[in-house]
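Working notes, beginning with the structure itself.
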Amino acid sequence: MSDTRDPDLTTYRDVQLSPDFSELRRRFRRFVFPMTALFLVWYFVYVLLAAYAHDFMSHKVGGNITVALLFGLGQFVSTFAITLIYVRWADRRLDPDAEKLRHQIEGEAQ
Amino acid sequence: MSPAISLSAIGLVVAATIGIGLFGLRISRTTSDFYVASRAVSPRWNASAISGEYLSAASFLGVAGLVLVNGADMLWFSVGYTVGYLMLLVLVAAPLRRSGAYTLPDFAETRFESAAVRRICAGLVVGIGTLYLLPQLHGAGLAVQTVTGAPPQVGAMIVAVIVVINVAAGGMRSITFVQAFQYWLKLTALAAPIFVILLAWHQPTGVLDSLHGAAAAWAEPLSRAGGRDHPLYATYSLLLALCFGTMGLPHVLVRFYTNPDGRAARRTTVVVLALLGLFYLFPPMYAVLGRTFAPDLVASGGDTVVLELPGRVFPGTAGDLLGALVAAGAFAAFLSTSSGLTVAIAGVIDQDLLRSRLREWTGGDYIAVNSFRIAALIAMVVPYLAFTVTGSLSLADTVGLAFALAASTFCPLLVLGIWWRRMSTTGAAAGLVVGGIAASAAALIHVAGAPQGGWPRALVGQPAAWTMPLAFITVIVVSKLTPDRIPAGTARSMVRLHTPEAVDVDRGLPPR
């Protein structure tokens with residue numbers, strides 16, 4: 001499929017070049033990529049702590065509950081929290097912008 | 001353990017699975033129903049179904065077994081399975097839905113405008129699916145063997161036959177209902193014995209205290225308790241495979257298409273993560289209790305600990321009943337995951353291999369749905385043959401290899417394909433081939449007979465940490481070298497992937 005045979009070519013290129021489209025993508029990347037990096041770092045640091053900060057991780061908080069156990073449960077809790085944050089962000093920030101872009105594109109098409 | 005009670009429990013699960021599947025038959029009439037349930041499944045149903053499908057033999061039996069044998073490191077399996085979903089959600093779910101493609105090969109073809117890349121993807125879907133189905137069949141064999149003493153082929157054959165019948169009869173719509181039911185069955189089956197065991201003790205903490213002395217080393221992270229070398233490398237590699245492999249699993253991805261819109265897809269994921277987190281509380285408890293009540297299972301790999309624990313704790317009728325419940329839950333796990341995988345693999349075999357040939361042979365006189373049914377049969381026969389030639393496998397380890405293969409092939413294709421404008425078709429193909437060969441070679445060596453120890457064993461058993469970067473670097477370097485092979489329609493693809501679904505841009509492939 002070649003673009004030269006596509007009558008809608010200009011619409012696609014216009015959208016691609018439009019500041020709103022770039023802004024939408026940039027906003028998405030600026031939120032999602034750092035967040036992904038951050039939570040990956042958190043998982044990987046846990047493993048490092050388990051390997052090298054042995055005394056800290058096996059410190060007993062009470063009974064047989066160790067720091068490692070609490071952090072381990074925290075992995076699940078934080079995964080869930082990150083998901084909630086992302087979903088709220090997408091509902092509040094991403095969808096309205098996308099909607100705006102949609103109106104623009106459909107407005108131009110008419 | 002009393003075989004009669006367990007067998008009737010397994011029989012009930014099988015009957016319910018077929019029954020709900022037949023109910024689905026009446027409402028699945030179109031091709032779209034078959035593949036994506038007409039994109040009309042509500043978030044709550046869909047979340048139960050996704051969780052039901054995702055929690056395989058590896059989660060139900062394998063995680064508890066690995067923790068029992070190898071200690072706390074193996075808890076990463078359950079964390080990784082959950083995080084994989086999050087990665088899928090934030091990085092690829094929304095753009096992929098917008099691409100309008102039903103399957104990974106569809107996506108590859110529209111994005112890279114190449115039939116060759118499409119064919120490579122189709123082959124990889126079949127490869128990953130087969131590697132994932134293999135431990136399901138092994139799990140089924142193991143479960144029936146543990147309960148009745150029958151040879152492993154019996155359980156594997158039961159699962160294979162039921163899945164093919166169900167998938168061929170109802171496609172995705174009926175599978176959705178079946179899997180939603182199976183999630184709740186699995187959770188109940190796994191949770192009930194634990195609650196009964198804890199209630200039966202007047203002081204449940206006494207159990208934990210008794211563990212503390214004997215198993216202190218085992219409970220430490222990175223303890224090498226099970227004789228695994230290089231635990232830090234292995235844990236990182238496993239974590240990478242699970243985080244980045246989930247997005248490339250064929251049966252997981254297709255699920256995001258069964259939501260009505262992107263917003264519902266996000267809602268679904270939140271519920272999925274809650275359901276998965278709830279489920280994963282229980283396998284480690286089996287492992288901990290297993291250390292006290294069934295320490296002999298450590299030597300045999302531990303995959304039967306979930307099935308055997310109730311009988312060990314309560315010899316007699318109570319143990320039989322709880323054991324039957326667990327066996328039923330295990331069967332739900334094999335059936336639901338295998339069904340989802342078979343739908344996904346059959347979809348690809350149907351579209352990419354079978355349909356054009358059927359059209360040739362029959363001179364156009366065929367029905368699309370029949371081609372799908374034949375594909376479903378093929379999708380199950382291949383892993384069954386693989387099952388008959390492989391010996392005993394660690395369930396969760398083998399599933400880990402399927403994740404590693406997905407992370408080394410589809411992850412670079414999706415992440416770079418969605419976000420990097422200068423990715424060339426040649427680069428995409430090279431990355432898939434290099435990552436695919438590296439990871440599947442490691443998987444084959446591991447399944448056929450792993451090296452004895454040290455680095456070779458670690459690198460082959462957990463390949464993602466080297467195969468995934470290798471695939472990413474290959475894509476980037478080859479794309480830089482072949483700038484003239486950047487797809488002509490990249491601008492169009494990027495607009496399609498990154499503008500909201502409601503916008504009426506051409507989404508490429510029409511529903512077939």
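Under the definition of partner shielding as Cβ atoms of other protein chains within 10 Å of a residue Cβ, what is the mean value for peptide B:266-278? Before the final figure, lay out each step's value.
Numbers: counts 8, 2, 0, 3, 6, 1, 1, 6, 4, 0, 3, 6, 1.
Across the residues of B:266-278, the mean count of other-chain Cβ atoms within 10 Å is 3.
At 0.36 nm per residue, minus the direct Cα-Cα distance, what do residue B:477 and residue B:444 gain on full extension? Give it in nm, one decimal, please.
Details: separation 33, 0.36 × 33 = 11.88 nm, distance 2.72 nm.
Between residue B:477 and residue B:444, full extension yields 9.2 nm more.
Could you work out the local net charge near residue B:85, counting Lys and Arg as +1, Asp and Glu as -1, over the other residues with Cβ closer than 14 Å to its Cβ? Present the calculation step by step, with values, prior to reporting the outcome.
On the way: positive: B:255, B:266, B:267; negative: B:53.
Local net charge: +2.
Per residue of A:74-82, count partner chain C-beta atoms within 10 Å of its C-beta, then hand back the mean as an integer. Walk me through the intermediate numbers first.
Values: counts 0, 8, 11, 1, 2, 8, 7, 0, 5.
Mean shielding by partner chains, rounded to a whole number: 5.
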query: What shape does region B:356-432 take by its C-alpha gyration tensor, where a ≥ b ≥ c are the square roots of the eigenvalues and a/c under 1.5 counts as rounded, a/b above b/c as prolate, and the rest as oblate?
result: oblate
- request: For region A:32-37, take each phi angle, set θ = phi - 60°, evaluate the Karplus expression 6.51 cos²θ - 1.76 cosθ + 1.60, and give the result in whole Hz per residue in order, putting x for glycine and proline.
  value: 6, 5, x, 5, 4, 4
- request: Please give the residues of region A:75-100, grouped as numeric ranges, whose backbone N is less than 15 Å from a label point set 7 Å along the Cα-to-Cβ vector of residue B:263.
  value: A:87-100
field: Under the Karplus curve 6.51 cos²θ - 1.76 cosθ + 1.60, θ = phi - 60°, whole-Hz ³J(HN,Hα) for region B:414-424, x wherever Gly or Pro sits
entry: 6, 5, 6, x, 7, 10, 10, 6, 9, 6, 9
- request: Give me the distance in nm between label points sitting 7 Å out from Cα along the Cα-to-Cβ direction at residue B:161 and residue B:385, one decimal.
  value: 2.1
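Show me B:350-361, B:334-345, B:373-384 ranked by packing, highest mean number of other Cβ atoms within 10 Å first.
B:334-345, B:373-384, B:350-361
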Charge sum, other residues only, whose C-beta stays under 11 Å from residue B:427's C-beta, Lys/Arg counted +1 and Asp/Glu -1: +3
field: HN-Hα J in Hz across region B:178-194 - Karplus 6.51, -1.76, 1.60, θ = phi - 60°, x for Gly and Pro
entry: 4, 6, 4, 4, 5, 4, 5, 4, 5, 4, 4, 5, 7, 7, 4, x, 4
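All of the numbers you see were taken from the coordinates with simple rules; none came from a lab. Since we're looking at a predicted model, the values are computed, not measured. Because the Cβ atoms are built from the backbone with ideal geometry, glycine has one as well, and the counts that use them run over all protein chains shown.
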